[in-house]
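Worksheet for the structure shown next.
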Amino acid sequence: MAENDTAEMADNGTAEEIIICQDVCKWFGDFQALKDCNLRVQAQEVVVIIGPSGSGKSTFIRCINRLEEHQAGDIIVDGIPLTRDVRNIEQIRSETGMVFQQFNLFPHLTVLENITLAPIHVRKMRKDEARDTAMGLLNRVGIPEQADKYPGQLSGGQQQRVAIARSLAMSPKIMLFDEPTSALDPEMIKEVLDVMQELAETGMTMLVVTHEMGFAREVAHRIVFMDGGEIMEVGTPEHFFTNAQHERTKLFLSQIL
Amino acid sequence: MTTAAGTPSDRSVLPITERYPLVGWLRRNLFSDVFNSLLTLAALAFIIVIARIFLRWVFFTAEWGVIPANFNLLMRGQYPAAEAWRLWLVIYLLGAVVGICWKLIVGQFSGAARVLIAIPFVLMLIPFFSMGSRLNLLITAVASGAGFFIAGYLPIQRRGRAAAYFLIAYLVVMLVLLRGLPGEEGPMPPVQPILWGGLLLSLLLAFFGITLSFPLGVLLALGRQSKLPAVRIMSVIYIEFIRGVPLISLLFMGQVMLQLFLPDGFPLVDRVLRALVAITLFSAAYTAENVRGGLQSIPRGQYEAAQAVGLSAYQSTIHIIMPQALRAVIPVLVGQFISLFKDTTLVALVGIFDLLGIARTIISNPDWLGTQQEVFIVVAVLFWIFSYTMSYASRRLERRLGVGER
């Protein structure tokens, strides 16, 4: 079993590295939000990012599909370098799904239209085909009966499941989750986590920013701890919850658990 | 049911205010205490006095003869009487196209459709119309009914797109009918736009002002938000320049200066067209600012979600941002269009005879001296009818689009 992240990376050196972040830096004005972040994620791996608020977790995963622009370092997603080139950005975005804290469904479209929009216009899928795919995904997230409703008519948990289905409709290779359960009422958190867990079991590569330690412990292959814009520690859940090395990691875990 | 007397359905035991809803309403709203009762009575007396004065004027004093004598002038200005059939044909076709588009877009014969089909019949009740005009209105109503009926049997797949084609075809046919074909001896001799006038011209200026300024305004609003500095600065300069200038000065500039901006040898632009250009440019700047207001009401998350699913900037504008932004500003936009419609009256000052311009020539005609009140009331009522129709349509549209929003 790997005790630290360099050892584990060496172990899996032959597996495909689908996300490579090398010395990624990001400033908002004078404030440095990311400091030399290095992370390599293998295909089919589930990586959970934890850390106190303002530690750069969200900024970090938002850099991966260019919702934020990093100013130094390299990000390579599925072999495509993330540069200013719009074609590269659009290609990466169409291979990367993202689920937001506030769902960000399109309120003027029905659930079905929310899901079929991108496949029809980006993938040029036929309408009936997109519709079938969308219904399949709604079945998978457990709410096929809501297909013709508008997002405003659904509960938060249902909206977030629609948002997951919307991302999956583009058949992404990577799913990014930015605090997907933080805006939900407690009784709805589980239904969303269950969907995410099933997704992880199908072998989806997932990068999840969350405060749900139960999910991290059960589903994650690796946990990343960030603080002050730096990646402080990377390791397996067992390593984290039993044998965290860094003082700040221990402090954070003692506060949250 | 032994206690039937005590159930709410037995109205005889209810207090009088509940037994007769009208009594209850009156007592609650108009006679709730002594002071309110006095106010109610005073207001009632005031209304009766004013109404009596007004009605006495309408029925006994007013010289309504001026309206039928100049009715054609008010409706179509100096458009030749021999060619008036073309205007009626335009109206028949309008009825038919409205019927077709209603069937294609809305589908069923709902409440608003009843209002639409009632319009020609209500117009027939107006006392100033001749029998011939009433017959023409009846034909219009029949045409829209027929359009609605026939559209149901057309083998059309993409109904929204088909409706748009019908509308565009209608606009082309309408312009050809109004303008005529070249050749004085042909079946449709040309009618110079300067002869168009009255209500016809007011409606045309308003309609084309709105439909041309709207896309221009949307583009300017997007331009003002653009990341490209050149586009942004040009948009800002245009918007701020136009908004800083009164419409009347733009109209004068249009009449005098438009030709200077066009290349040498460009045919002389018609006066009416020059006015339309000025109105369009003016309205576009205001549309742009209203649309920008809508754009700013869209949360950042919508842009991010659109990007994250892989939509291009263009696609996300068309499918995500614009539909929501425009929906948010429908009331403002319609308000602006209503004010544009009323502002078209300013063209009278540059020698074009719209409805108000014609009205002013009528009252300055020695035969009709002293009829300002009658003429201006009719003009005001005509403007009110069209403005209110727009405002009513906007409320219907808001309610229809508001379904399930947020």
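Every number in this text was worked out from the coordinates using simple rules, so none of it is lab data. Remember, it's a predicted structure, so these values are computed and weren't measured experimentally. Don't worry about glycine lacking a Cβ; one is built from the backbone with ideal geometry, like all the others, and counts go over all protein chains shown.
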Over 23 Å (Cα to Cα) among A:LYS35/A:LYS173; A:LYS26/A:LYS57; A:LYS127/A:LYS190; A:LYS57/A:LYS250; A:LYS35/A:LYS57; A:LYS57/A:LYS173 -> A:LYS35/A:LYS173; A:LYS127/A:LYS190
For B:LEU401 and B:ASP270, extending 7 Å from Cα along the Cα-Cβ vector and measuring point to point gives, in nm, a value of 3.2 nm
Ranked from fewest to most other Cβ atoms within 10 Å of their own Cβ, A:THR110, B:THR61 fall in the order B:THR61, A:THR110
Nearest-0.05 FRET efficiency for B:MET257 and B:PHE59 at R0 = 60 Å, using Cβ-Cβ distance, is 0.75
Note, the range B:188-194: 3J(HN,Hα) by Karplus (6.51, -1.76, 1.60, θ = phi - 60°), whole Hz, Gly/Pro = x, goes 10, x, x, 10, 4, x, 5
Tilt, helix A:247-256 to longest principal axis of chain A (alpha-carbon atoms), in degrees rounded to tens, equals 40 degrees
Rg from C-alpha atoms of the range B:94-205, normalised by the globular rule of thumb 2.2 N^0.38 Å, equals 1.23
The range B:17-61: spread of alpha-carbon positions along the three principal axes, whole Å, largest first, is 45, 23, 8
Here the gain from full extension of B:ILE105 to B:GLN78, 0.36 nm per residue of separation minus their alpha-carbon distance, amounts to 6.0 nm
From DSSP H assignment alone, runs of 4+ in the protein assembly as shown each adding -39500 (n - 2.57), the sum over residues rounded to the nearest 500 puts [θ] at 222 nm at -18000 deg cm²/dmol
Plugging the Cβ-Cβ distance of B:LEU94 and B:MET234 into 1/(1 + (r/R0)^6) at R0 = 25 Å yields, to the nearest 0.05, a FRET efficiency of 0.10
Partner lysines whose C-alpha sits under 17 Å from that of B:LYS103, ignoring same-chain residues fewer than 8 away, are none
Counted neighbours (other Cβ, 10 Å), sorted fewest up, put A:THR59, B:THR211 in the order B:THR211, A:THR59
Other residues with Cβ under 15 Å from the Cβ of B:GLY65 give, with Lys and Arg +1 and Asp and Glu -1, a net charge of -3
Exposed GluC sites (Glu not before Pro) being those in a DSSP loop with at most 16 other Cβ atoms within 10 Å, the longest stretch of chain B free of them is B:186-404
Along the dipole axis of chain A (charges at Cβ: +1 for Lys and Arg, -1 for Asp and Glu; origin at the Cα centre), the most positive-end residue among A:MET125, A:PRO180, A:PHE240 is A:MET125
In degrees rounded to 10, the 0-90 angle between helix A:86-95 Cα long axis and the longest Cα principal axis of chain A is 80 degrees
Between the modelled labels at A:GLU17 and A:THR202 (7 Å from Cα along Cα→Cβ) the distance in nm is 2.8 nm
Amide H neighbours of A:GLU230 at under 5 Å, excluding residues fewer than 5 places away on the same chain, with H built from the backbone geometry, are A:LYS35
Here FRET efficiency (C-beta to C-beta, A:ASP128 to A:LEU257, R₀ 41 Å, nearest 0.05) is 0.25
One would report the antiparallel percent of DSSP beta bridges in the protein assembly as shown, rounded to the nearest 5, as 55 percent
Of the candidates B:ILE53, B:GLY370, B:ALA313, the farthest towards the positive dipole end of chain B (Lys/Arg Cβ +1, Asp/Glu Cβ -1, centred on the Cα centre) is B:ALA313
Restricted to chain A, the DSSP antiparallel beta bridge percent, nearest 5, is 55 percent
Residues meeting the amide H criterion for A:MET206 (H placed from the backbone, H to H distance under 5 Å, 5 or more places apart or on another chain) are A:GLU45, A:VAL46, A:VAL47, A:MET175
As straight-line cross-link partners of A:LYS149, the qualifying aspartates and glutamates (C-alpha separation under 13 Å, not fewer than 8 residues apart within one chain) are A:GLU113, B:GLU405
Expected vector for the range A:49-64, Karplus 3J(HN,Hα) from phi with 6.51, -1.76, 1.60 and θ = phi - 60°, integer Hz, x for Gly and Pro, equals 10, 10, x, x, 5, x, 8, x, 4, 5, 4, 4, 6, 6, 6, 5
The simple spin-label model distance between B:ILE150 and A:ILE76, using points 7 Å out along Cα→Cβ, in nm, is 6.6 nm
Candidate span helices, chain B: DSSP H, at least 18 Å along axis from Cα coords, Kyte-Doolittle average at least -1.0, result B:34-56, B:84-101, B:111-124, B:131-151, B:159-179, B:198-224, B:229-243, B:247-261, B:271-296, B:330-343, B:372-401
